[in-house]
Amino acid sequence: MRRIDKENYYLDIAGTVLERSTCMRRCYGAIIVKHDEIISTGYNGAPRGRKNCMDLGYCTREALNIPSGERYELCRSVHAEANAIISAARSEVLGATLYMVCKDPKTGELIPGSTSCSMCRRLIINAGIDRVVIRNTAKDYSVVHVEDWIREDDSLSSQE
C-alpha cells in the first residue's frame, strides 16, 4: 500500500469539509494548515442565522442568470476561504497554506481550475497565507504562491 502525499491528504480533508456547503451553484471546502496542523476549516454557506439557498430552494444569482465570477454581492454565501480565515487568528495563518476543493452540487463532480474570487484573494493576501493548493482531479492539484497574486495585481490599470 502506498502512503498518500501530504497535499492530497489535506485536499481530501477539504473535500470532506465541502460536504457541509449549502450553496446550490458551487460547493467549496477550504482548510488552513500550518506546520502540519489544521488551523481552521470553512465551507460556503449563508452567514450564521440567515437562511441558506438550500433552505430557500433557489440561488439568487442563478435565478438572475448571472454568469460565474460576477456579482458576488448578490450571493447569500460567505465563501469557504473567508470562513476559514474568519475562524482563525491571523497569527496562526501567517505563512500557512490554504487547501481548497470545489464540486458541482448537481453532479458531485470536481470542478478543475477553480480558484479564489478577487474578494477572497484580498482576504488571503491580508491574512498572510503563503500558498493556496487547489484540487483539479482526484489526485492532481495546482499550487498558487500568493506572492504571485500580489505581483499580478488585477486592480491596477495601465493608466499613469
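Worth a mention:
- The helix-only estimate of mean residue ellipticity at 222 nm for the chain, built from DSSP H runs of length n ≥ 4 each weighted as -39500 (n - 2.57), is -7000 deg cm²/dmol after division by the residue total.
- A simple spin-label model places pseudo-atoms 7 Å from Cα toward Cβ; at residue 68 and residue 50 they are separated by 2.3 nm.
- Take the Kirkwood radius over Cα pairs of the chain, plug it into Stokes-Einstein at 20 °C and 1.002 mPa s, and you get 132 µm²/s for translational diffusion.
- Note that segment 36-109, at 25 °C in a medium of 0.890 mPa s, gets a Stokes-Einstein diffusion coefficient of 173 µm²/s from its Kirkwood radius over C-alpha pairs.
- Bridging of residue 103 to lysines at a Cα separation below 22 Å is possible for 6, 51, 139, once same-chain residues fewer than 8 apart are set aside.
- Share of carbon and sulfur in the accessible heavy-atom surface of the chain [1.4 Å probe, %]: 48 percent
The values are calculated or read from the model by the stated rules, or taken from the named source; none is laboratory data. Computed from a prediction, not measured in an experiment: that's the story for all the values here. Cβ sites come from the backbone with ideal geometry, for glycine too, and all protein chains shown count toward neighbours. For the accessible areas, the whole protein counts, side chains as well, though only heavy atoms, and no ligand, DNA or RNA atoms are used. Shrake-Rupley method; radii C 1.70, N 1.55, O 1.52, S 1.80 Å.
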